[in-house]
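Since every read-out is calculated from the coordinates, none of them should be taken as a lab result. These figures come from a predicted structure and were not determined experimentally. Positions of Cβ are generated from backbone atoms using ideal geometry, with glycine treated the same way; all protein chains shown enter the neighbour counts.
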């Protein structure tokens, strides 16, 4: 199985190099917003704590747009402070992922958005209560009419709007993008050396494309075992196949300086340690301290412009709005 | 004691009418920001979850600027989901209050800001760890140098910056302010009738000044007992005097439509019910349903322009930043 995975990795390198003759990493372009009303509604819902049972947890609680689209915790805090099972992936550039969640169990952002709302360990609500909540407020209803042509509110439309907002959360203009665009001064000599290591020693086998990741699934612990106490099984939980155990979606490395702690178990806080672990367990290599520092310097050039978010003002609850139940079982 | 308190209330009416010949409620003016760098730093710290032990709770968690500066819960959720003792007051227009917290135990916003950070039931951190956290990040250190002239970081400066931001959180241009400024069309006939009831039946005795409250302490249950399961003792906790039991700071009624649930125990969700309870236990009066509806119509004219907040981008943690401890005891 290890051999197969390695071959898969190698064929990915080759395939990728054919597809992108110049560089395995593509420039991220700023988003053109075509439906600003839907994006604004989606932003309101993204910041809406009343989509949770407690009235306290919103999408932004764990995918905090002040901190790289993550909560910067090993695993997240859910309803009644339950400990989440896995590290929260960043929402930034998430639309570039081939699927959502670490195990890819949601095909896109819209499908993903419905998950945490109804997960008893996350927002602890139900889709029906989320719909009732949103539909109870004239300030929401009139937006649905304007955007969708009528006031039908269901979880499909709620998650459609959230996904429309999330699609705008890209981070262009990183120093590395400027370098790719031809500005040789945009990144340091160390970062350039790090990028060469990244390309020539195998990292790009998995971390490629516009998001520097998110284009494939890969086994964590490809060459040597990755030791973790986290019980997540990866793709096996989706496919049922033993061969998919510990196979996860390759995470994006965009904004990686902001999205610590690292790995699906959130066990590593230092970028240098993450690079050393990955080169070891995925590539069977031992980078020198200088090489590690150079790769880290490269990775830090992947921090782009963070989304400029004006905090939404949410409409007040009405007598019809379900009451939050923060302390009820 | 009831008689004394009633006299106090009546003398407040009279005193107030002398002071403000025209109206007992004053127009709120937009804030002029004189130190934008400090306000920006304060905003960052206001949204900074790393000022809590868990790395999950910021000032904005319970004083959410998307929802009227409150969490819209009866009592707040603190570290490890502990239930707070009292309803979170709004941060909006809080600088107009004569003191901070329901019992006035902090003399101003700066003193208030240090409270929740170190309260084991709220953010659960320590001032020393908060200082270490902020000082660990170059992105913060350089701002302190620019604002304060050197890189000394202590809780005094941290709370000074937070207070500077909070002082900007005023809500001008409410329909009622426009009415006070002379625009007779700014509020409805019902709202005008409600304002007359509010003035003539005694509400303004306590709810006066620019914030329509916050100018004095008053016993909750002045004429008839206010029944609650909440154990808060009010000013007695500060002064030690039995006479101060159940005496609380009069809350602002600015943006009251947004700052449900009402009262220090957060027991009432409907504005009409709150008006009926207050007229009954504080004034010994029974409003007709029409009168109540008119007072509610007036109260809804007190919703002003909500602060326009651009979400701050927070600097990444460093190796020196204390790690969050969300699940450790």
(request) Put a label point 7 Å from Cα along the Cβ direction on residue A:329, then list its distances to the equivalent points in the other copies in nm, shortest first. (result) 2.1
(request) Using only alpha carbon pairs under 8 Å that are at least six residues apart, calculate the relative contact order of chain B and give it in whole percent. (result) 25
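Give me A:269, B:102 sorted ascending by neighbouring Cβ count inside 10 Å, so fewest comes first.
Numbers: A:269 17, B:102 24.
The fewest-first ordering by Cβ neighbours comes to A:269, B:102.
Mind running the shape call on the stretch A:77-148? Use the C-alpha gyration tensor, a ≥ b ≥ c as the square roots of the eigenvalues: rounded below 1.5 for a/c, prolate if a/b tops b/c, oblate otherwise. Write out the running numbers ahead of the final one.
Working: a/c = 2.62, a/b = 1.36, b/c = 1.93.
Because a/c hits 1.5 or more and a/b fails to exceed b/c, the stretch A:77-148 counts as oblate.
If one computes P(r) from the Cα atoms of the stretch A:105-145, what percent of pairs lie at distances over 11 Å? Provide the component values of the computation, followed by the final result.
Working: 555 of 820 pairs.
Counting pairs separated by more than 11 Å, the tail of P(r) holds 68 percent.
Taking the radius of gyration and the Kirkwood hydrodynamic radius from Cα positions alone, what is the Rg/Rh ratio for the stretch A:162-246, to two decimal places?
Values: Rg = 17.3 Å, Rh = 16.0 Å.
Expressed as Rg/Rh, it is 1.08.
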(request) Find every distance from the label point of residue A:115 to the corresponding label point in the other copies (7 Å from Cα along Cα→Cβ) and write them in nm, one decimal, shortest first. (result) 4.0
(message) Just to confirm the number: angle between the C-alpha axis of helix A:138-148 and the first principal axis of chain A, 0 to 90 degrees, nearest 10?
(response) 60
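Using only the alpha carbons of the protein assembly as shown, what is the convex hull's orientation-averaged projected area in square nanometres? Walk me through the numbers on the way to the answer.
Details: hull surface 124.9 nm².
Result: 31.2 nm².
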(message) If you rotate chain B onto chain A, whose Cβ in B ends up lying nearest the axis, and how many Å away is it?
(response) B:81, 2
(message) When a/c reaches 1.5 or more, the comparison of a/b and b/c decides; with that in mind, is the stretch A:278-329 rounded, prolate or oblate per its Cα gyration tensor?
(response) oblate
(message) Counting pairwise Cα distances across chain B, what percent come out greater than 37 angstrom?
(response) 20
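Suppose a student asked you for the relative contact order of the stretch A:36-166, using Cα pairs under 8 Å spaced at least 6 residues apart; what percent would you report?
On the way: 216 pairs, mean separation 39.1, N = 131.
Rounded, it is 30 percent for the stretch A:36-166.
Cα convex hull of the stretch B:214-254: how many Å³ per residue? Provide the component values of the computation, followed by the final result.
Values: hull volume 3.7 nm³, N = 41.
Residue-normalised Cα hull volume stands at 89 Å³.
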(request) Provide Rg and Dmax in Å for the stretch A:101-258, with only Cα atoms included in the calculation. (result) 20.6, 57
(message) Tell me the volume per residue, in Å³, of the convex hull enclosing the alpha carbons of the stretch B:174-325.
(response) 173
(request) Could you tell me which of rounded, prolate or oblate describes the stretch B:40-79, using a ≥ b ≥ c as the square roots of the eigenvalues of the alpha-carbon gyration tensor, with rounded for a/c under 1.5 and, failing that, prolate when a/b is larger than b/c and oblate otherwise? (result) oblate
(message) No solvent, one uniform scatterer per C-alpha: report log10 I(q)/I(0) for the stretch A:36-166 via the Debye equation at q = 0.09, 0.16, 0.17, 0.22 1/Å, two decimals.
(response) -0.23, -0.76, -0.85, -1.41
(message) Assume the label is 7 Å from Cα along Cα to beta carbon: what separations in nm does residue A:201 have to the matching positions in the other copies?
(response) 7.7
(request) Could you let me know the centre-to-centre spacing of the stretch A:87-148 and the stretch B:119-195, using Cα atoms, in angstrom? (result) 31
